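The values are calculated or read from the model by the stated rules, or taken from the named source; none is laboratory data. If you're wondering where the values come from, they're calculated on a predicted model, not measured in any experiment. For neighbour counting, all protein chains shown are included, and Cβ atoms are generated from backbone atoms with ideal geometry for every residue, glycine included. The protein model used for the area step is the full one, side chains on, heavy atoms only, and it has no ligands, DNA or RNA in it. Shrake-Rupley method; radii C 1.70, N 1.55, O 1.52, S 1.80 Å.
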Amino acid sequence: MSHHTILRVVAKFLIPPIILYALYVQWHGDYGPGGGFQAGVIFAVAFILYALVFGLDALVRVFPTAVIRILFSLGVLIYAGTGFVAMFFGKNFLDYSYLGHDPVHAQEWGILLVEFGVGLTVATVMIAIFIAFASRIPSISDEEW
Amino acid sequence: MTDPNIILIALLMPALTALIVSRLDALPDMRDGVSILGALATFGAVLLTLQAFLEGTPLSITLFEVMPGLTLNFTLEPLGMVFATVASGLWIITAIYSVGYMRGAGEKNQTRFYICFALAITGALGIAFAGNLFTLFIFYEMLTVVTYPLVAHKQTPEARAGARTYISILLGTSIAFFLTAIIWTWSLTGTLEFTPGGILSGHISPVFTGVLLALFAFGVGKAALMPFHRWLPAAMVAPTPVSALLHAVAVVKAGVFTLLKIGIYIFGIGLLSRTGASEWLMWLAAASILISSIIALNQDNLKARLAYSTISQLAYVTLGLALANQMGVIGGALQIMTHALGKVTLFMAAGAIYVATHKTHVSELDGLGRQMPFTFAAFTIAALSIIGLPPLGGAWTKWYLMLSSAEAGHQVLIVVLMISSLLNVAYLLPISARGFFYPPSRQRGYDMSTEKLPPVKMAEAPWFCVVPLCITALGCIVLFFTIGDLYEFLLRIPLLPLEGVTP
Amino acid sequence: MPDTMINMDLVTGHYNYWLVVVLMMTGLFITVSRGNLIKKIVGLNLFQTSVFMLYISMGKIKGGTAPILTDDPATVYSNPLPHVLILTAIVVGIATTALALALIIRIRESYGTIEADEILEIEHQIDDPDPSPTNPANALMARIRGNR
Amino acid sequence: MSNLPALQIILPLMAAPICAMVGRPKFAWGLATLVAWASFAISILLFLSVRDGTVISYDMGGWAPPLGIEYRVDVLNAFVLMIVSGMTSFVMPYALKSVASELHESQHAYFYTAFLLCMTGLMGVAITGDAFNVFVFLEISSLSTYALVAMGAARDKRALTAAFNYLIMGTIGATFFVIGLGMMYMVTGTLNMADLAQKIAANGDSRTLRMGFSFVLVGIGLKLAMFPLHLWLPNAYSYAPSAVTTFLASTATKVAIYVMARFMFSIFGFDYDFQANTMQFIMLPLALVAMFAASTVAIFQEDLKRMLAYSSVAQVGYMLLGMSFLTQLGLTATVVHMFNHALIKGGLFMAAGCFIYAVNSSRIDDLKGLGRIMPWTSAAFVLGGLGLIGVPMTAGFISKWYLMQAAFELDWWPIALLIVASSLLAVIYVWRMVEVLYLRDLPEKNDVRAVPLTMLVPMWGLLLLSVYFGVSADITVSAASRAANALIGASNIFWQSGG
């Protein structure tokens, strides 16, 4: 794809804002529309775009599959762990009021943490799905289309 | 000895024997010895229970409760004692006999054979001692399952097919009808205990009494009531000791014994005679007696002929129950004993003939009588007992059954019994006759009256085979003379409400 | 009339339900009738989407805004609960689709086709063509066929 | 102690990503096993604390129901939880060698991840008191199940199509379920089960409610392989790895039956006329047809696992039959059979797995004469088969006993006769296996691998338990009876002490 110069340049310009936007959606999620699901997908889009333009190998170099595997597990763990720790403070599962002195504030922190876990998992899982599909060796050669 | 655990000991003895036998695959002599010893020990234990019972100690043991009110319980009662004694006593004899037979005939898988054989005795004893219908059903099923490998023993396609018929009819009827009847009884009365006088009285309408009795009668497939008799001839593919013990004693007797027990302790003879619910069963039994005798006439295979004879003889017991009076019950119970002794002798004789000469068909037996005098003599005695001639045990059975028929006012049945005796003569005695009086290789147009029969060297089967069948043949004679005590004993069968009904 | 139990303010007319029903049946029909596995998945997605729309339209309140807290207490909100539920359902739907597509790729790799009828034919060939004689039922069937 | 309901779900939920993260087969197995056992312990504790009829309500995140999601444990829940976690505890040791022989090593960690997720989903379905939450957990378990079934492709590529078909059917079922929930939400404006029950009772019948009921019924019917919605089941069970088949056969359909019972009796109420009609005129005949048709088909199968799978469809028929009697006794029979069938079918599929381990085939023709060389596995199979038939002293007998009792209680004795008649079909297919195992000669060349103890012990454990519960049925029956009471008195017992 070396001759698609315009594409490469535009992509390189686009990727940082996409990631930034994803982060915005992510950290905004505790008190407005947004949150981990949406942010995660947007975040993943940046990487998928990168892979589409620069090739799968480039993506895997940036984001090794082992890392992806650890990260998507970690996301779930962050989510469940946040709730789990609550139990040690005598609260119910997912009751975040232990995180701060006043309950409202604590809930905000809790949601932030949980959403981070969700975002992490969604982003990495989307990338993982993309890699998994894209990395299959095609059994039909390009000419046959 | 009044410890009720003696029942358990008697029950576990054969199982223990099976366990030990299973470890002795490599030592055939030890294995066979243990098998016989186990039989002796079992018989001893049964005799101990019998003694305790005669002393009048009510023995009962409850192992555990499966569901509230549904227990695994063993209780001694007269009928069960008769069956237990017969089954365990004849086990000794067949155990000795099977050693001779299995070795003589060179069968494979002998260890499996002895294991299943012993387990079958556990099943039979469990049925005999069962204190409620549930326990009885468990051991009934167990008996079916453990005898299946015995029937299929030869593993030939015919053996497999026979065993398949065997298992499908026995399991099929027991699950489809017997179990339904049991659960029905349970939902009607809330109990399954064997209670003198029956438990159903007052819980069921006369019409349904008939239906329920039908479920039981056909459900107990081991009683070989027509039209569910096919398994019995099919099971004749088994080695002869199996046919002898299981299809003359344990399995078929378990069937009719179960029927008797159900009639006496679940329905109550009083209920049966009051409602007349068992009248159809009576006619069916009579039909069974005649039809299977006629079929037996046409069987050339010796064991098949004996099998059809068994079907006919089993129907005697059913008949005794269906007549629903005391004489009938006693006749039925006696038939369990006398027929067991008689038929086991016949089967063992058939086996001895097979071991000695590899002949299985009636038409091949010409002249063998002089070659095997003991076998054929025993065969003749047993045949006469089955026919019902004094001074042999079988005579009494017919006597009481005829008394019972008269008492019930069904004189036709006396005729049926007499015709049956004639048919017995017709299909059993020709075998002896062929053995003793026909020349070994009969040619066409040979004149029997003038020519002298050629001398024959005696060539009996191994003594392990011959001695047991002589003992049982003697037993047939002994039974005739000890009938008084037996009768007294059988009078103990509690038929409570009956005393008010009949004089 | 029992239908009055539905809050009529929530449902301004039934036209949305009709649309949903049409979409739903289209999706279900495609799923069931198409032999191509990908088309099946397309149908399945259509089917699921129609349900999402059913929920969302159910939660809509006439004149209601997005359910975000504002300082004005007079604001009418749409019912946020269906949105939350459907967000979850969408995630489930995506997971299902991804899994289904992954399966299709595997099927394509090992069968060389994604047409249901061709796959079925291949599977029939894998099964032993001659019925086993140990099965009494088969023996019976063979005998019946033989007699004819 | 008070956090037990949450722990029940969270433990496997958290263990699953750890398995995937670490990625080592042995570690994943160890963790999964530990978690399974811990879950089992928790569910036993839960069961003990609700056995007397109390209801535990647990608010997720401290949000009180009906707004928040609550976990709600009563006797029935706890019983189902015990089945699921208990079966997992038995399957886990079994899985070690079985999975090692059937799956490529790189898949092992993911296998246990999916397995734990599946367990989480099933237990979540059982424990939650929120109707939509049921859907979410149902899909968690279903999605992981599709993946697990597809992993069977390492042995037989047909696992892929089986998983795909299962996915299509399962998703349609789940979507139907959601549609039904939507209808119920329209009528009541709530999704909390307790609240739903009250609102439905207060509002009375309506066409929307009936639609909702029907959609839920069909949706769950697909998940539990209600005849004729069972078509996905035989293939999925046949080609999945043995450990998965064992697990699914003994838990997944049971949990689906639980959901159906919960919706029908706790939410719609025991005396909901429309439901009563549906039960008697649709469910009852379908259950009877399932018992006969599926058993008959099972007789014709050439593959052991497929045969058992069809038998499962028939057994589901028994459970639905018990439900459609609409009596306390009938429900007791259903719950008892859920438990007993889990034990028996679990053991039988384990035996099938052992055969696969030994001769790498589950075709019945390839198992000829194995009774001689694999005495333990074969004997176990026979024992399980007897249980399936319902021979006395096995757990299957107890189920049958209660089912027939229920039929006799209503004076429906023709149905009682049909019940026994259908178990005769079981005799045929079980006996066919007995014959193949014991009365056929071993083929000349055979390379039979010895089955390891880790597979034999769990299998025998299950089957001996099935015998134990056939001999002393007091525990199961009294628990089931209480569970049935809880369902029947849904509106007055189940919901009062909590929400």
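Is it the case, given these coordinates, that D:Val316 is of a type outside the set (D, E, K, R) and open to solvent by 30 Å² or more (accessible area, probe 1.4 Å)? Before the answer, list the steps.
Details: of a type outside the set (D, E, K, R): yes; open to solvent by 30 Å² or more (accessible area, probe 1.4 Å): no.
So D:Val316 fails the test.
So the check is Cβ under 8 Å with 6+ separation or different chains; which pairs have a first residue in the range D:413-442 that's in a loop (DSSP other than H, G, I, E, B) and a second one that's open to solvent by 10 Å² or more (accessible area, probe 1.4 Å)?
Between residues of the range D:413-442 that are in a loop (DSSP other than H, G, I, E, B) and residues that are open to solvent by 10 Å² or more (accessible area, probe 1.4 Å), the close pairs are D:Arg440/D:Lys368; D:Asp441/B:Gln155; D:Asp441/D:Lys368; D:Leu442/D:Lys368; D:Leu442/D:Arg372; D:Leu442/D:Ile373.
Output the residue which, of all residues in the range D:405-434 that are over 16 Å from D:Leu388 (Cβ atoms) and open to solvent by less than 30 Å² (accessible area, probe 1.4 Å), is farthest from the other protein chains (Cβ to nearest Cβ).
In the first step, residues of the range D:405-434 are kept if they are over 16 Å from D:Leu388 (Cβ atoms); the result is D:405-418.
Those left that are additionally open to solvent by less than 30 Å² (accessible area, probe 1.4 Å): D:405-408, D:415-416.
Details: D:Gln405: 6, D:Ala406: 9, D:Ala407: 9, D:Phe408: 4, D:Ile415: 11, D:Ala416: 6 Å.
Filtering first and then ranking leaves D:Ile415.
Yes/no matrix, rows are residues, columns are (1) assigned to a helix (DSSP H, G or I); (2) within 24 Å of D:Ala333 (Cβ to Cβ); (3) at pLDDT 90 or above:
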residue: D:Ala194; (1), (2), (3): yes, no, no
residue: D:Ala201; (1), (2), (3): yes, no, no
residue: D:Asp205; (1), (2), (3): no, no, no
residue: D:Val216; (1), (2), (3): yes, yes, yes
residue: D:Phe227; (1), (2), (3): no, yes, no
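Can you name the residue in the range C:39-70 that is more than 13 Å from the chain's Cα centre (by Cα) and away from every other protein chain (no Cβ under 11 Å) and, of all such residues, is nearest to D:Tyr166 (Cα to Cα)?
By that ranking, first place goes to C:Lys60.
Can you name every residue in the range C:70-86 that is of a type outside the set (Asp, Glu) and either assigned to a loop (DSSP other than H, G, I, E, B) or surrounded by 18 or more Cβ atoms within 10 Å (Cβ to Cβ) (or both)?
Result: C:Thr70, C:Pro73, C:Ala74, C:Thr75, C:Val76, C:Ser78, C:Asn79, C:Leu81, C:Pro82, C:Leu85, C:Ile86.
Can you name the residue in the range D:196-213 that is open to solvent by less than 40 Å² (accessible area, probe 1.4 Å) and touching a Phe, Trp or Tyr at 6+ places or on another chain (Cβ under 9 Å) and, of all such residues, is nearest to D:Ala486 (Cα to Cα)? Walk me through it before giving the result.
We begin by selecting, within the range D:196-213, every residue open to solvent by less than 40 Å² (accessible area, probe 1.4 Å); these are D:196-197, D:200, D:204, D:206, D:208-209, D:212-213.
With touching a Phe, Trp or Tyr at 6+ places or on another chain (Cβ under 9 Å) added as a condition, the list becomes D:196-197, D:200, D:209, D:212-213.
Numbers: D:Leu196: 17, D:Ala197: 14, D:Ile200: 18, D:Leu209: 23, D:Gly212: 23, D:Phe213: 21 Å.
Result: D:Ala197.
Hand me the list of helices (runs of 4 or more DSSP H) wholly inside the range A:34-132 holding 2 or more residues that are within 14 Å of chain D (Cβ to nearest Cβ) and surrounded by fewer than 19 Cβ atoms within 10 Å (Cβ to Cβ).
Passing ranges, in order: A:65-88.
Conditions tested, residue by residue: (1) under 24 Å from D:Leu383 (Cβ atoms); (2) open to solvent by less than 10 Å² (accessible area, probe 1.4 Å); (3) in contact (Cβ under 8 Å) with a residue 40 or more places away in the chain; (4) away from chain D (no Cβ under 14 Å).
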position	(1), (2), (3), (4)
B:Ser88	no, yes, yes, yes
B:Ala120	yes, yes, yes, yes
B:Ile127	yes, yes, yes, no
B:Ala130	yes, yes, yes, no
B:Thr147	yes, yes, yes, no
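When the range D:1-34 is examined, which residues are found to be modelled with pLDDT under 90 and of a type in the set (S, T, N, Q)?
D:Ser2, D:Asn3, D:Gln8
Which of the residues that make up the range D:444-482 are within 14 Å of chain B (Cβ to nearest Cβ) and under 19 Å from D:Ile356 (Cα atoms)?
Residues satisfying the conditions do not exist here.
Okay, residues lined up against (1) within 14 Å of chain D (Cβ to nearest Cβ); (2) of a type outside the set (A, V, I, L, M):
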| residue | (1), (2) |
| --- | --- |
| B:Phe177 | yes, yes |
| B:Leu192 | yes, no |
| B:Ile204 | yes, no |
| B:Gly210 | no, yes |
| B:Ala214 | yes, no |
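Filter the range D:443-491 down to residues that are outside any helix (DSSP H, G or I) and either more than 21 Å from the chain's Cα centre (by Cα) or surrounded by fewer than 18 Cβ atoms within 10 Å (Cβ to Cβ) (or both), then give me how many there are.
Residues meeting the conditions: 12.
In the range B:169-198, which residues are buried (at least 24 other Cβ atoms within 10 Å of the Cβ), touching a residue at least 60 places away in the same chain (Cβ under 8 Å) and among the β-branched types (Val, Ile, Thr)?
B:Thr185
Which numbered condition in (1) at pLDDT 90 or above; (2) more than 14 Å from chain A (Cβ to nearest Cβ); (3) open to solvent by 10 Å² or more (accessible area, probe 1.4 Å) is the only one that D:Val91 fails?
(3)
I'd like the full set of residues that are open to solvent by less than 50 Å² (accessible area, probe 1.4 Å), farther than 28 Å from B:Phe374 by Cβ and not aliphatic (A, V, I, L, M), limited to the range B:393-441.
B:Tyr400, B:Ser404, B:Ser405, B:Gly409, B:His410, B:Ser420
Given the options D:Ser101, D:Ser106, D:Ser141, name the one that is in contact (Cβ under 8 Å) with a residue 60 or more places away in the chain and under 28 Å from C:Ile114 (Cα atoms).
D:Ser141
Residue-by-condition table, conditions (1) in contact with a Pro (Cβ under 9 Å, 6 or more places away or on another chain); (2) of a type in the set (A, V, I, L, M, F, W, C); (3) open to solvent by 20 Å² or more (accessible area, probe 1.4 Å):
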residue: D:Glu105; (1), (2), (3): yes, no, yes
residue: D:Gly129; (1), (2), (3): yes, no, no
residue: D:Phe132; (1), (2), (3): no, yes, no
residue: D:Met151; (1), (2), (3): yes, yes, yes
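Can you pull out every residue in the range D:33-49 that is away from every other protein chain (no Cβ under 14 Å) and either crowded, with 22+ Cβ neighbours inside 10 Å or under 26 Å from A:Gly110 (Cα atoms) (or both)?
Result: D:Ala36, D:Ser39, D:Ser43, D:Leu46.
As an exercise: evaluate B:Ala10 against (1) of a type in the set (A, V, I, L, M); (2) open to solvent by 50 Å² or more (accessible area, probe 1.4 Å); (3) assigned to a helix (DSSP H, G or I); (4) closer than 27 Å to B:Ile182 by Cα and give the number of the one condition it does not meet.
(2)
Say we look at the range D:1-31 and pick out the residues that are away from chain A (no Cβ under 14 Å) and touching a residue at least 40 places away in the same chain (Cβ under 8 Å); which of these is most open to solvent (accessible area, probe 1.4 Å)? Can you show your working first?
Going residue by residue through the range D:1-31, those that are away from chain A (no Cβ under 14 Å) are D:25-26, D:29-30.
After this cut, where a residue has to be touching a residue at least 40 places away in the same chain (Cβ under 8 Å) as well, the list is D:25, D:29.
Working: D:Pro25: 35, D:Trp29: 57 Å².
Here the residue is D:Trp29.
Out of (1) polar (S, T, N, Q); (2) open to solvent by less than 20 Å² (accessible area, probe 1.4 Å); (3) within 11 Å of another protein chain (Cβ to nearest Cβ), what's the single condition that is false for D:Asn165?
Only one criterion in (1) polar (S, T, N, Q); (2) open to solvent by less than 20 Å² (accessible area, probe 1.4 Å); (3) within 11 Å of another protein chain (Cβ to nearest Cβ) is unmet by D:Asn165, namely (2).
Being open to solvent by 10 Å² or more (accessible area, probe 1.4 Å) and under 15 Å from the mean Cα position of the chain (by Cα) is the filter here; which residues of the range B:210-258 pass it?
Scanning the range B:210-258 gives B:His229, B:Pro233, B:Met236.
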